[in-house]
Amino acid sequence: DAGITQSPRHKVTETGTPVTLRCHQTENHRYMYWYRQDPGHGLRLIHYSYGVKDTDKGEVSDGYSVSRSKTEDFLLTLESATSSQTSVYFCAISEMVGAGQETQYFGPGTRLLVL
Amino acid sequence: AQSVTQLDSHVSVSEGTPVLLRCNYSSSYSPSLFWYVQHPNKGLQLLLKYTSAATLVKGINGFEAEFKKSETSFHLTKPSAHMSDAAEYFCVVSSRGGNTGKLIFGQGTTLQVKP
């Protein structure tokens, strides 16, 4: 298994509170991604990073921010959590991108419930 | 733009019988295609990938998939289902824009295996 951990694994929070999810990798891969998984939608990309301090938005980035100060850590922050952000969040890593090299490896996920 | 459609949201087979999970894709260039599996309350595991080499791709746990450009399909098969194959399966296509390695996920197919 790829060396990816996510913390916390489960979290319950209240609407309006800030929440930070952490993804940590031991593979020294350049690319890191945050996805959310909701029934009927598969996985949707929230934000991604292509290097330290280099990040960009995915298709569902509203209400989320990210930071990457070290190669091994990629943080996802919900500035003010809403019930629509109740979901399972997955982190993924990739060593390279380009033809035939986009394989992403996924962490175990974080279940977030916003009440 | 790239997209992927999984033609069945739910497939049920008996243990020992063949498995067929159907996937069609849309891409303006020769894509990279993947199948991932997700067991209940687990992260995603890569089953196999197609990256413009052999059109018949063999993966883990006896699964294989065939890339058919003329049919824009990448169906997943297994000759004999095992109870441990019960899971959700995602067909995924890569998005090449901007060298980001973005993945586009299908909505998933739940495989049920009956004794």
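The values are calculated or read from the model by the stated rules, or taken from the named source; none is laboratory data. This is a predicted model, so every value here is computed, not measured. Here the Cβ is made from the backbone with ideal geometry for all residues, glycine too, and neighbour counts use every protein chain on show. For accessibility, only protein heavy atoms count, side chains too; no ligands or nucleic acids. Shrake-Rupley method; radii C 1.70, N 1.55, O 1.52, S 1.80 Å.
Do we have B:ASN24 as open to solvent by 40 Å² or more (accessible area, probe 1.4 Å) and within 11 Å of the chain's Cα centre (by Cα) here? Yes, satisfied.
Scanning segment A:42-61 for residues that are open to solvent by 20 Å² or more (accessible area, probe 1.4 Å), more than 8 Å from chain B (Cβ to nearest Cβ) and touching a residue at least 24 places away in the same chain (Cβ under 8 Å) turns up at least one hit.
All of B:SER70, B:SER80 fail the test of being touching a residue at least 60 places away in the same chain (Cβ under 8 Å), assigned to a loop (DSSP other than H, G, I, E, B) and more than 8 Å from every other protein chain (Cβ to nearest Cβ), apart from B:SER80.
Considering segment A:86-101, the residues that are of a type outside the set (A, V, I, L, M, F, W, C) and touching a Phe, Trp or Tyr at 6+ places or on another chain (Cβ under 8 Å) include one that is modelled with the lowest pLDDT, namely A:GLU95. In segment B:5-20 there is no residue matching the filter, namely being of a type in the set (A, V, I, L, M, F, W, C), closer than 27 Å to A:ARG111 by Cβ and within 14 Å of chain A (Cβ to nearest Cβ). Tallying residues that are outside any loop (DSSP other than H, G, I, E, B) and farther than 19 Å from A:THR5 by Cα within segment A:50-71 yields 6.
Would you mind stating whether A:LEU45 is at pLDDT below 95 and closer than 13 Å to A:ALA92 by Cβ? Criteria met by A:LEU45.
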